[in-house]
Every structure is written in C-alpha cells, then in structure tokens.
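All remarks here apply to the structure that follows.
The values are calculated or read from the model by the stated rules, or taken from the named source; none is laboratory data. Please read all numbers here as calculations on a predicted model, not as lab measurements. Virtual Cβ from ideal backbone geometry, glycine too; neighbours counted across all protein chains shown. For accessibility, only protein heavy atoms count, side chains too; no ligands or nucleic acids. Shrake-Rupley method; radii C 1.70, N 1.55, O 1.52, S 1.80 Å.
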Amino acid sequence: MAKLAVYLATFALFLFVAHASITTVTVDEENPWGRPKRTESGCQEQIRRVDHLQACQKYLDEEQCSGSRCRYNRRWNLDSCCQQLEMLDNQCRCPGLRQAAMKQMQKGEMEREEMQEMYEAAERIMSKCDMPPRRCDFASRHRV
C-alpha cells in the first residue's frame, strides 16, 4: 500500500510539473505573424526613418514641373520613391504619400487646380511602383 501511495504522489507531482510547463499561445487572426500592429504613430516612425519620402516629394515636384526649369529626373526620382515606399508597411504607404504631397504643397504657392493635380499624381504612384496597395484614394477626401 505504501508503494501505491508513492507512485500516486509521484504521478501527481509529474502532472503538476507538466501542467505548469505548458505555455498557452494565442494567435491574433488579423496579425498571425505576431508583428506589432501599426498605429498612426508607428507609420509616422517608419516615414521618418525613410527621410519623409524625400524621393517621392522630388518626383511629385517634377510631375508639377513645366518649361525649362524642369530637370527631367522623373524616372530616377520614381525609382527612388518606390524604393523608399518599399521600406514601409503596406498600410503606411498611402499616409506617407499623402504627407509627401502635403509637404510639397507647403513649399510653394499653389493654385487650387495644381493642388488637386498634386494629390492625383500622388495617388498614381502606387500603381507605377507596382506594389500594394495599388492605389491610394486620398484626393477625393482632400478636394480643394
């Protein structure tokens, strides 16, 4: 009988230790890889790390350019812009482009029509870069 009590005590101890060592893992279905969810501040940090999308700002400036003041570096600026956008998470790309367009507009006096063209040019960048999201839709929300 004493042996049975020792065996039961050992078995109970084994179950206790096994139960204590089990780790519960919860998977967020919307975020299965465990990446930190990107908040607006997370996007701001990413945008800051890629120099506020300076290449995209230059590309947008070139898109607005006309006449002899144009440098015609559009292809290089677009390629550089795409490289910077590639460093951002998908959900941060459109907010980054929106900021780049706004910064370009703040640099100079722009008429209403030019501002609208700037937003439309910024919207098209994602399809030109051939990366998701294929199109940013913020011009309709910023109609001037």
Do any residues in the stretch 101-129 that are in a helix (DSSP H, G or I) have Cβ atoms under 6 Å from those of residues that are open to solvent by less than 80 Å² (accessible area, probe 1.4 Å) and basic (Lys, Arg), where the two are at least six apart or on different chains, and which pairs are they? none
Determine which single condition residue 74 fails, assuming it passes every other condition in (1) modelled with pLDDT of 70 or more; (2) surrounded by 14 or more Cβ atoms within 10 Å (Cβ to Cβ). (1)
